[in-house]
Protein chains: 4
Amino acid sequence: MVGCGVMGTDHARLLARQVSGAELTRLTDLDPGRATALAEELGALTSPDGPALVAEDDVDAVVVASADATHAALVLAAAAAGKPVLCEKPLAPSLEEAARVVRALDADGTAHLVALGFMRRVDPAHVELREALHRGAVGEPLLVHGTSRGVTAGPGATSESLITGSFVHEADSVPWLLGSPVTAVCWQAPGRTTGTSDLQDPQLLLLRTADGVLTTVEVLLNARYGYDIRCEVVGRSGALALSEAVQTTSLTTRTSDLSRTSAFAADWRPRFAEAYRRELQAWVDGVRGLEAPALATARDGLVAAAVCDAAVRSMRAAVDGAGPWTSVEVPS
Amino acid sequence: MVGCGVMGTDHARLLARQVSGAELTRLTDLDPGRATALAEELGALTSPDGPALVAEDDVDAVVVASADATHAALVLAAAAAGKPVLCEKPLAPSLEEAARVVRALDADGTAHLVALGFMRRVDPAHVELREALHRGAVGEPLLVHGTSRGVTAGPGATSESLITGSFVHEADSVPWLLGSPVTAVCWQAPGRTTGTSDLQDPQLLLLRTADGVLTTVEVLLNARYGYDIRCEVVGRSGALALSEAVQTTSLTTRTSDLSRTSAFAADWRPRFAEAYRRELQAWVDGVRGLEAPALATARDGLVAAAVCDAAVRSMRAAVDGAGPWTSVEVPS
Amino acid sequence: MVGCGVMGTDHARLLARQVSGAELTRLTDLDPGRATALAEELGALTSPDGPALVAEDDVDAVVVASADATHAALVLAAAAAGKPVLCEKPLAPSLEEAARVVRALDADGTAHLVALGFMRRVDPAHVELREALHRGAVGEPLLVHGTSRGVTAGPGATSESLITGSFVHEADSVPWLLGSPVTAVCWQAPGRTTGTSDLQDPQLLLLRTADGVLTTVEVLLNARYGYDIRCEVVGRSGALALSEAVQTTSLTTRTSDLSRTSAFAADWRPRFAEAYRRELQAWVDGVRGLEAPALATARDGLVAAAVCDAAVRSMRAAVDGAGPWTSVEVPS
Amino acid sequence: MVGCGVMGTDHARLLARQVSGAELTRLTDLDPGRATALAEELGALTSPDGPALVAEDDVDAVVVASADATHAALVLAAAAAGKPVLCEKPLAPSLEEAARVVRALDADGTAHLVALGFMRRVDPAHVELREALHRGAVGEPLLVHGTSRGVTAGPGATSESLITGSFVHEADSVPWLLGSPVTAVCWQAPGRTTGTSDLQDPQLLLLRTADGVLTTVEVLLNARYGYDIRCEVVGRSGALALSEAVQTTSLTTRTSDLSRTSAFAADWRPRFAEAYRRELQAWVDGVRGLEAPALATARDGLVAAAVCDAAVRSMRAAVDGAGPWTSVEVPS
């Protein structure tokens, strides 16, 4: 496990305690104390840094959950060493860099060793939605409405990081859901923001996919009220949506404020806990040859980056909160 | 309108402002000032007391919403005068008195002039439930679960008034729903109360109807969290229930306490506002000969009183919170 | 009542049977048999045509529910006769015509006699949403999401009639909700339609209001699954939405197909039945001088027509399903 | 793994593929072909029978999911061999036998080696309910309402097996939830059954716990519409309930039958899949000394059997569908 931040710590605990067939052997982090503490908790050893960890003899496969800027090099190092690697999104901080990684993997014939952590692809609710759609539950799709709301924007969030850090999940999940690539993106925003002059929040992204479906995605980082990820698909004979209850706890509470209440998750951890466990279990099963995992590939990561790139270009060309439709261009 | 308390004021406003074909001509109340103020608001006159109002020339029909102890005499007076009367429950404060009223009405051939205010019979949700049940939506019924919760017990509430004032609605609505009379009642209670030594709250009433259905009714006056009336019918091929949303407002609110909230009604007024309007409209339509109203009769009121009487007898015979099954006896 | 189609018949029945203070005296329809039958049912007389009805001595106020093309002339005739008129939307079939009507009313000082039938303004759910928004329940609004779905497009529906016949409700309700006028509209559509080459269905309209809020409105005539009108407002401190239960019946049904089900309305009649009753009651109360009704004015109808006109212009200028942002211009 | 029926097969797959720290080494079943097939699928070996499996050198711990009648002997054999054992409920087919097992374990000092498979204790929804209750979310509890419905009664189901096979879950979970033992049980039933003369279905069990709470439990095996386990706790300041959505899939579907639908589970497997995984993970963690598992003990199994025994005695003493309150007697 490279990186022991919030995400890396969660992943490490899952690997060590909740995943069959995996042994957590090595951890590393920029903060050695953090790595040591977690290694002690989980009965693992530490390595001095990411490249060193990749090279350890007792490391058969690598999870990358370190800073975004380190992903590309670690992925290439693991692939070069013939070790499977599960990399948190993004594959690389820029579209060009992501393209370079994919070209290198393709040239080396090592692309099969790389999986990207787009966890919605194994989230039970999203999988159920996709399966229902594909079995024709509502006929041919016409519209998709995605909503991605968090409680509070992280420190340093910008208009662009909203796209590359949050919207990127829909950039991957919408074409995965529809089985059709995104061809163009159009950026829109209200004349108000919950953020600063550097952070337009919320934003509305419109997507066209090759199949003719029109998608709206609202991203709102400072939603205050909870972590709330929704998706509705409208088809020719009906509509399918993630149940609202997917976001909330198992309880309905009625108390003296004259209301009936369900609690929201405060962030992605409770909402996607099971998705992360399944992602790691599927990845480990794939590494062990038990089954081909249903995870995103490095190329999927490149494509999602290209969708985000089009969104950013539309935003930069926007006048009075309205950007132009902008083509998605996936570098070859 | 006889009685200008909370219920009478609501009824008067509905009659004067929301009911087609009715003119509110006269009001009376024990508190003359209250009657005068309401009469001015609604453009009506006052009468010195209930019997005087019944006798007024400009009164064609009477609504009785005064104290329980006055109901029987006013109903008999109106019927004797040949004037239709809509009487709030109960028909009379005791089972014997109710029986006496029904016998008198039957002897005079004036029973058709009397309607009882069991508003669930015209509540859209209850009507929809009954219609679905009767068209076989879930097959032959097996069980009914009723829940009747209020925010706070009224002043002077007792274990017995809980039965005769609140449970009485289920005493009428359950046999109306099933089309089968209640034959026996069994009283149960936890070893805890939200009330005093005189008020066991909550109580659990078990009912048997002649068709073999078993019904549970929970009554809780001090529920704190809202006014909450539920009903579920379990049949051979499924279950039907009033939607939980029936109790709450039209909005779902998500705010910064990380929850999704729907507001409950604080009392019966918002919950049954439409039922009361329909009750009064149906009654007026009936008085005008437009259609036979689907309202409860004086005999229905007697039967409901007999069910309550069995519940009270079971309670009085209870040991350690458990009463015996007690037969319902309707006086002839 | 001018016009005894589906809408006129409903209105006539409500006026005659469910509205306090109103007497239905006269009906007329292009089909005299239809008018006669309804008049007999409701105890009213007929008039040979709309203008004749407006002129009848026993007509104090007029409801216009006839064909769209007849609205303007009937409204002007009623106003000229000094009779209050409630006109179903639209005020006139074209923006220019609507402007002409408003100018004429203003010139004559009779604008106060005219109300427009935008029933959402008295729909309890929409009123509750607006009140919660205005009391600051979720802070300053940022985004509005409207959804307007019907079961099946009417005969002869076109891309333009979808806007002027269905979207027009949001064209009125969004600025009413926000208290801020719509300044620009942008038309978008998927590359698929449930209709023909003349009917693009669904359509997505983006609206900007003067306050900076961005609104999305999806209109889908052939939704198949039910009549479904939704609205969500996202504010700085939370989100408010019409409860999903608003659209459905009071029952939750569980039957042998292993599902829990709530039934949708098949069209606007059950969904807005109470709104229509309140609209007529409020209008009659206003006519009687009891209270100033909260209904839309002729000018509101003109403004909504101007919003629709901008939507149509954006649609006509669209390339590949994407129209430009187009300014709303209200003729003076 | 002893027993490769529906339950045993699920458990075996979870242990082999989804549980960290476990290796599935041996399987056995009365049907050797079934055991062999599953062993091949999961990379395990077979043993000729349960006692032989318990004695295998490559078996460190045993899961018992074989026929009820074999549980007691296998538990005692495993405990005698010093091997931890997770036994599906019941501990033994009769109360006397269960008491004998517990006495033997206590005498040998091996009770700590035995865990009972009451999976609700690790079901996330039930755990969340219990935690909310214990942190005082609704104040001191007054009433509990449990509902336990399945789609179809299994072959050979009887009035008694409904109690010992289905109600037994509430016999364990209600006192676990409340932290107070069940002291008495009262059996009630409608005059109708979905079953035969040997199977009264549904049944209503009333429970009193030492803390004074009154509990109702409805058990219905032939509910037809889905697997539906509910629980509501009513307290002095509000009510807590498992969200209805807990039972259903992640999707809300709207299709051309004019309804909004959520799918129910067809049996306990989807509903409690995560509970079973957590149960096995917790048990394995406990076996490995990582943490004390929150699982039921052999004594908990004895106590639940005593509650069921009181229910059966009340049923046998019933007249016209109503049994007496019957004390729970836990053999020492």
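Restricted to the stretch B:217-234, and to residues there that are closer than 10 Å to B:THR147 by Cα and surrounded by 23 or more Cβ atoms within 10 Å (Cβ to Cβ), the residue that is nearest to the chain's Cα centre (by Cα) is B:ILE229.
Only strands (runs of 3 or more DSSP E) whose full extent lies in the stretch B:10-117 are considered here, and the ones with at least 1 residues that are touching a Cys at 6+ places or on another chain (Cβ under 7 Å) and more than 22 Å from C:GLN281 (Cβ to Cβ) are B:62-64, B:114-116. When the stretch B:235-271 is filtered for residues that are at the interface with chain C (Cβ under 8 Å from one of its Cβ atoms), surrounded by fewer than 19 Cβ atoms within 10 Å (Cβ to Cβ) and closer than 19 Å to A:THR261 by Cα, the ones remaining, listed by number, are B:GLU244, B:SER256. For the criterion of being modelled with pLDDT under 90 and either farther than 29 Å from B:ARG17 by Cβ or not aromatic (Phe, Trp, Tyr) (or both), C:LEU258 passes. With respect to the conditions (1) open to solvent by 20 Å² or more (accessible area, probe 1.4 Å); (2) more than 9 Å from every other protein chain (Cβ to nearest Cβ); (3) not polar (S, T, N, Q), B:VAL185 falls short on a single one, namely (1). In this structure, is A:THR28 β-branched (Val, Ile, Thr), modelled with pLDDT of 95 or more and open to solvent by 10 Å² or more (accessible area, probe 1.4 Å)? It is false that A:THR28 is β-branched (Val, Ile, Thr), modelled with pLDDT of 95 or more and open to solvent by 10 Å² or more (accessible area, probe 1.4 Å). Here A:ASP172 clears all of (1) among the charged types (D, E, K, R); (2) closer than 20 Å to C:THR194 by Cα; (3) away from every other protein chain (no Cβ under 12 Å) except the condition numbered (2).
If the condition is being more than 7 Å from every other protein chain (Cβ to nearest Cβ) and in a loop (DSSP other than H, G, I, E, B), then the stretch A:204-218 contributes A:ALA210, A:ASP211. Filtered by the rule that a residue be closer than 30 Å to A:ASP257 by Cα and either more than 10 Å from chain A (Cβ to nearest Cβ) or hydrophobic (A, V, I, L, M, F, W, C) (or both), the stretch D:219-234 gives D:ASP228, D:ILE229, D:ARG230, D:CYS231, D:VAL233, D:VAL234.
Taking the conditions (1) among the basic types (Lys, Arg); (2) at pLDDT 95 or above; (3) over 23 Å from the mean Cα position of the chain (by Cα) in turn, D:ARG277 satisfies each one other than (3). The residue that is most open to solvent (accessible area, probe 1.4 Å), counting only those in the stretch A:92-138 that are over 20 Å from the mean Cα position of the chain (by Cα) and in the same structural domain as A:ARG236 (by TED's automatic domain parsing), is A:ARG135. Within the stretch C:194-203, if we keep just the residues that are of a type in the set (S, T, N, Q) and more than 8 Å from chain A (Cβ to nearest Cβ), the residue that is farthest from C:SER262 (Cα to Cα) turns out to be C:SER197. Taken across the stretch D:64-73, residues that are closer than 25 Å to D:GLU291 by Cβ and open to solvent by less than 40 Å² (accessible area, probe 1.4 Å) do occur, with at least one present. Could you tell me which of the residues B:LEU76, B:LEU86, B:LEU53 is touching a residue at least 40 places away in the same chain (Cβ under 8 Å), more than 14 Å from chain C (Cβ to nearest Cβ) and closer than 18 Å to B:ALA111 by Cβ? Among B:LEU76, B:LEU86, B:LEU53, only B:LEU86 is touching a residue at least 40 places away in the same chain (Cβ under 8 Å), more than 14 Å from chain C (Cβ to nearest Cβ) and closer than 18 Å to B:ALA111 by Cβ. Just to be sure before I move on: is A:ARG288 surrounded by fewer than 18 Cβ atoms within 10 Å (Cβ to Cβ), free of Cβ contacts under 8 Å to residues at least 24 places away in the same chain and not assigned by TED's automatic domain parsing to the domain that holds A:LEU76 in the structure I sent? In short, no. Annotation note: of B:HIS126, B:HIS145, the sole residue that is in contact (Cβ under 8 Å) with a residue 24 or more places away in the chain, within 14 Å of chain C (Cβ to nearest Cβ) and not in a helix (DSSP H, G or I) is B:HIS145.
Say whether the condition of being under 22 Å from A:HIS112 (Cα atoms), away from chain D (no Cβ under 14 Å) and either acidic (Asp, Glu) or open to solvent by less than 20 Å² (accessible area, probe 1.4 Å) (or both) is met by at least one residue in the stretch A:1-21. Yes, the stretch A:1-21 contains a residue that is under 22 Å from A:HIS112 (Cα atoms), away from chain D (no Cβ under 14 Å) and either acidic (Asp, Glu) or open to solvent by less than 20 Å² (accessible area, probe 1.4 Å) (or both).
The values are calculated or read from the model by the stated rules, or taken from the named source; none is laboratory data. This one's a predicted model, so the numbers in the text were calculated from it and none came from an experiment. Virtual Cβ from ideal backbone geometry, glycine too; neighbours counted across all protein chains shown. Accessible surface areas use protein heavy atoms only, side chains included; no ligands, DNA or RNA. Shrake-Rupley method; radii C 1.70, N 1.55, O 1.52, S 1.80 Å.
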